[in-house]
Ligand code: IZC
Ligand code: ZN
């Protein structure tokens, strides 16, 4: 592969210097921007970063052999990282939109057999091939919006067979598609209809059958639980997350989305990598998360789409917890793939600065999926995952809401999106 020389970005937003720990507090505003910045890429990795003047001097003898990408007038960022999605699913739930618009809540729809249960039915009925095709289309859309790594949860199978099918699709997408797909087992996403009268029996199936099998097959790195009244209690969540730890699955948790339920506290107790949602998390829970280094993954698109008040990112950052942002891409509460839109909502609805929002979808998002050393910033030795946005500065990327400025995407040193179109 020829070296790649990305030249002369109006802003090269590197986010360098935080590969071992996420950015917290004021540090979330330090983006390490290089004006007229360039990047030399070799063997799929970033080899050097600097001003165009510095790099063109340093690589003078080799420029002729490189593929040149002119970034004049553009903004270059690390490939965006989405650390919380449910994008592997079949079917669609727009019929619930109308129900919610006339007053039904997300939980009411779920308790009446819709919501997660509807998607579980469609996902169980889909063949592996069809699930792959439907999910691949979504993954292409992520890539077209500048995302080069995405976390994907299971949780629409809710039986050993179908959880394995869902994670297998995610694994095959990881292998065959340019976007890296980091897998999370989420058998504890809902209690399926057949276990409705015996939720503890279902918890036993998760702990005794699903977790050992998923771990044996190497299908996931993380283990997540929807800890919410009417779904899984903090006690059940603790049992499931501890069982996962024993099989090498790192804990994550859907915490305190709908009411304060002790999810943030539990995340700190079990040493979760992240606690996600946190709209109603207690101050004490946030304090404990900050103390234990649990990353807060916030999902303002979900609050927007469910018409509720978003989490208070300002308070969480000021309390010292690292914050990441995510789409929560899923068919019911956040059908979007756009992290630029999510950054905009992070600023308008959660009190973040644009710089914090960008740190939250790059380096901090990478840490939220345990990839801080490989991705999330533009630094020598890291994967050459880069995005050229057709805007002169990163602020404009966040300011223009609902627009897609992605021009070029480079994944592992290879151009996979050119002039806003897929070319992998
Ligand atoms: O399908 O509704 N919140 N899980 C927890 C979801 C949203 C996904 C869904
Ligand atoms: Zn979720």
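Worth pointing out:
- Applying the set (1) part of a helix (DSSP H, G or I); (2) more than 16 Å from ligand 2 (Cβ to nearest atom); (3) surrounded by fewer than 22 Cβ atoms within 10 Å (Cβ to Cβ) to residue 304 leaves exactly one unmet item: (2).
- Positions within segment 310-334 being surrounded by fewer than 18 Cβ atoms within 10 Å (Cβ to Cβ) and either in a helix (DSSP H, G or I) or within 16 Å of ligand 1 (Cβ to nearest atom) (or both), in sequence order: 314, 315, 318
- Residue 286 being under 15 Å from residue 352 (Cβ atoms), surrounded by 24 or more Cβ atoms within 10 Å (Cβ to Cβ) and away from ligand 2 (no atom under 16 Å from the Cβ): no
- Close Cβ contacts (under 6 Å, 6 or more residues apart or on different chains) running from residues in segment 135-164 that are on the phi > 0 side of the Ramachandran plot to residues that are within 15 Å of ligand 2 (Cβ to nearest atom) comprise 155/186; 155/189; 158/120.
- Put simply, of 46, 69 the only residue that is part of a strand (DSSP E or B) and surrounded by fewer than 24 Cβ atoms within 10 Å (Cβ to Cβ) is 69.
- Filtered residues of segment 77-102 (kept if within 16 Å of ligand 2 (Cβ to nearest atom) and either farther than 28 Å from residue 128 by Cβ or assigned to a loop (DSSP other than H, G, I, E, B) (or both)): 83, 84, 85, 86, 87, 88, 89, 93
- Enumeration of residues in segment 173-229 that are in a helix (DSSP H, G or I) and within 16 Å of ligand 2 (Cβ to nearest atom): none
- Listing of helices (runs of 4 or more DSSP H) fully contained in segment 348-424 that carry 1 or more residues being free of Cβ contacts under 8 Å to residues at least 60 places away in the same chain: 354-360, 394-399
- Neighbours by Cβ (under 9 Å, 6+ apart or cross-chain): first from segment 109-133, more than 19 Å from residue 230 (Cβ to Cβ) and within 16 Å of ligand 2 (Cβ to nearest atom); second at pLDDT 95 or above and part of a helix (DSSP H, G or I): 123/131; 123/162; 123/165; 123/166
- The lone exception for residue 296 - which of (1) touching a helix residue (DSSP H, G or I) at 6+ places or on another chain (Cβ under 6 Å); (2) within 16 Å of ligand 2 (Cβ to nearest atom); (3) part of a loop (DSSP other than H, G, I, E, B) it fails: (3)
- The set of residues in segment 268-288 that are farther than 20 Å from residue 86 by Cα and touching a strand residue (DSSP E or B) at 6+ places or on another chain (Cβ under 6 Å) contains only 270.
The values are calculated or read from the model by the stated rules, or taken from the named source; none is laboratory data. Model, not experiment: these values are computed from the prediction. Cβ: placed from backbone, ideal geometry, glycine included. Neighbour counts: every protein chain shown.
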